[in-house]
1. ³J(HN,Hα) across region 550-563 via Karplus (A = 6.51, B = -1.76, C = 1.60, θ = phi - 60°), whole Hz, x for Gly/Pro?
2. Under a point spin-label approximation (7 Å from Cα along Cα-to-Cβ), what is the E656-R150 distance to one decimal in nm?
3. Could you run the Karplus curve 6.51 cos²θ - 1.76 cosθ + 1.60 with θ = phi - 60° over region 629-646 and give me ³J(HN,Hα) per residue in whole Hz, x for Gly and Pro?
4. Given R₀ = 22 Å, what would the calculated FRET efficiency be for E297 paired with E334, taking r from the Cβ atoms and rounding to 0.05?
5. Once amide H atoms are placed 1.01 Å from N in the peptide plane, what residues at a sequence separation of 5 or more from H678, or on another chain, have their amide H within under 5 Å of its amide H?
6. Among all the aspartates and glutamates, which ones have a C-alpha under 17 Å from K605's C-alpha, if same-chain residues fewer than 8 places away are not counted?
7. Just to be sure I understand: of the beta bridges DSSP finds with both ends in the chain, what percent are antiparallel, rounded to 5?
8. In the neighborhood of A415, defined by Cβ-to-Cβ distances under 13 Å, what is the net charge if each Lys or Arg adds +1 and each Asp or Glu adds -1?
Amino acid sequence: MEPLNRRSFLRVSVAVGGGLMASLYVDPPAFARNGTQAPAKVYPPDAFVHIRPDGQIVITVNRAELGQGVGTSFPMMLADELDADWSQVVAELAPAGDVYKDPVYGFQNTGGSASIANSFQQYRELGARTRAMLIAAAADRWHVAPASCRAASSVVYGPDGQSVRYAELADEAARRPVPERVPLKQASEFRIMGKQVRRLDGRAKCDGSQKFGLDLDLPGMMIAVVAHPPVFGGRVKAVDDADARGMAGLHDVFEIPLIHGTAVAVVADRFWTAKQARDRLKIEWDLTGIERPESSELWARYQELAGNVGNVAVSRGDESAWDHIARGNRIVAEYRLPYLAHTPMEPLNATIRFDGDRAEAWVPTQIPGFDQAAIAEVLGLKAEDVTLHTEFSGGGFGLRQAFDSHVPREAATIAQRARGIPVKLMWTREDDVRGGYYRPMFLHRVEVGIGANGMPAAWRHIAVGQSYVIGSPFESFLVKNGVDFESIGGTVDTPYVIPNFRVSTHHPTINVPPCQWRSVGYSHNAFVMETLVDELATRAKADPIAYRLKLLNPDARRLRAALSLLDQRSEWRRRLPAGQAVGIACLQYQGTAVACAAAVAIENKRPRIHRVTVALHCGQPVNPLSIENQFQGGIVFGLTQLLPKGAITLKDGRVEQRNFDGFTPPYIGDCPANIEVHIVPSDEPPTGCGEPPVPVISPAVVNALARLTGKRYRTLPLVSL
């Protein structure tokens, strides 16, 4: 394992009340500093590890816990190198703070399936250095060489049968110099990593004792809801609040600014009072000069844009090869993939108390630093004057990573008026479904020229859809030549060898706020790529796995391994009951390769998924049990875009859906009865598992449907078969 860079360091101190507290910090990467040298900073020392006098080891997790399991996997990485007693380990979520920035991205973030990949060495170094300091403290106590001592299960053992618990050494270890280099374990030496470990928060989530942001209850707290404009960017023209003002428990009704437009906030002593008061408001909205998009008009506009080459993202090969498209055997396909909502089970919320010169916030967020800065800006404070606690989140899927921090901004604006009183802003499910920040709708137009060998000889691909990156702080390094590369992931980086290949994009500006959705551009691009490759395999009368292996780049080792393992583990697909067919799909996302086989039938004009087998290569698995959970959950989440009522549509600028009756997630009957997850053994550095399963299930199911019906499905959701 390579050492951290020379600017990485560990600090320790004696905690109040006793115990060792340790922290490891990594400077932001150059791209996050815009090419300038980051100024030296002084950090507090008590950031990541606290060994308490009672033996409990508290490990701080510098990510948001969204259900993906970082609250267990991160402590596993550190505790294994620490040689800690796992039964004594507990996890805490990190607040907003520079020390908790992602060591690769350079800002505090949970996204891109990068958590373990980016902090694997960071947390292992933390554990190894802390263990070395504890051993050195014990060796000093016994007047022996540290090399004669060893550690196991939170105990240091020395010569002549001597032993001492970590808790007894904590104060002495905190005063020792930090070792400059420490050896890390080989995979064969792992005691915790690589094992199926139950989640530390599992019991609390099962018995209901786990508290999420929405559960926060502070003394004297008030509840706020907001009446948002019916069209994005609308403004309040007039408010009649007479009916609401007479309600017992109502505190205030007032207009607030939004990122775009204005709204009306209602503050009461409890949620139901606030909601009923909001329902009684009579608001006249000013919608003049605001675009009021309609889905049908947008599709027509997108289709027109797709008729012309856009900003070119990638182009390789000989222009004369396009004759394969003009004259030869070819496929011409148009795909329509709609807006999608995130609908996490816990709706958006934020709680803030503003005391004039300071503020405290409790936010379930994927980007604590961004939200902390946004709250400070609204309240006229410095970021360091805002203490932001990262709350457990009941799902995120990218929605809690809106870089304009619109929800914390709303909450801060309301809290500013209620100085000294904590105010919890709560969005209802209707607010969530109609509140915007959707996965953008995309139209793809693809022409594929097929060679005499049945393989694609030329591929011309135009994608039309909004960018959530353009206008964000990340535009400068994620957008090039007008192309948002986040939105077309899964096309430009295809692992398939296509000799004459061009992808271009149009990113129209629409009055609908877009946001990343779990797996970002891969959610729609993988659907397009994998259904087309499957169609090519069918035309070539080839086995879909064998065809993909033949088409893959020889360097695509992980994807080849995943497909080969899938072929072994899905032997059942060769003995399907009557009325069932199997579909195959694969992809590589952020280094993780995934291959999927889905057995599907048609019941009541809807797909019935009987069995799914997934094989993946994610490098070294930290917690195989968590990986299995992630893939099972990701497969189910990925079905959202496939099933009826899996679309957000607009009429006269208004979102037509309002709740789960209109935008319906997969129910139990829609889910596979059996999802098997198989991991390719590896000791390579780990990659992420939160997003890779999401894009693979829809093309696999649709490819199975094509075998059952003989039709190709290019528009989602599938309203009827």
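FYI, it's all coordinate maths here, none of it is from the lab. Quantities reported herein were computed from a predicted structural model and do not represent experimental measurements. Here the Cβ positions follow ideal geometry from the backbone for every residue, glycine too, while neighbour counts run over all protein chains shown.
1. Calculated HN-Hα couplings, in order: 5, 7, 5, 4, x, 7, 7, 4, 5, 5, 4, 5, 5, 5 Hz.
2. So the two model labels end up 6.9 nm from each other.
3. Values per residue, Gly and Pro as x: 4, 4, 6, 5, x, x, 4, 5, 4, x, 5, 3, 7, 9, 7, x, 6, x Hz.
4. Numbers: r = 17 Å, r/R0 = 0.77.
It comes to 0.85.
5. Correct list: V614, A615, L616.
6. Reachable aspartates and glutamates: D670.
7. Values: 92 of 119 bridges.
Counting only bridges with both partners in the chain, antiparallel ones make up about 75 percent.
8. Working: positive: R353, R358, R409, R417, R419, K424; negative: D252, D355, E360, E410.
The answer is +2.
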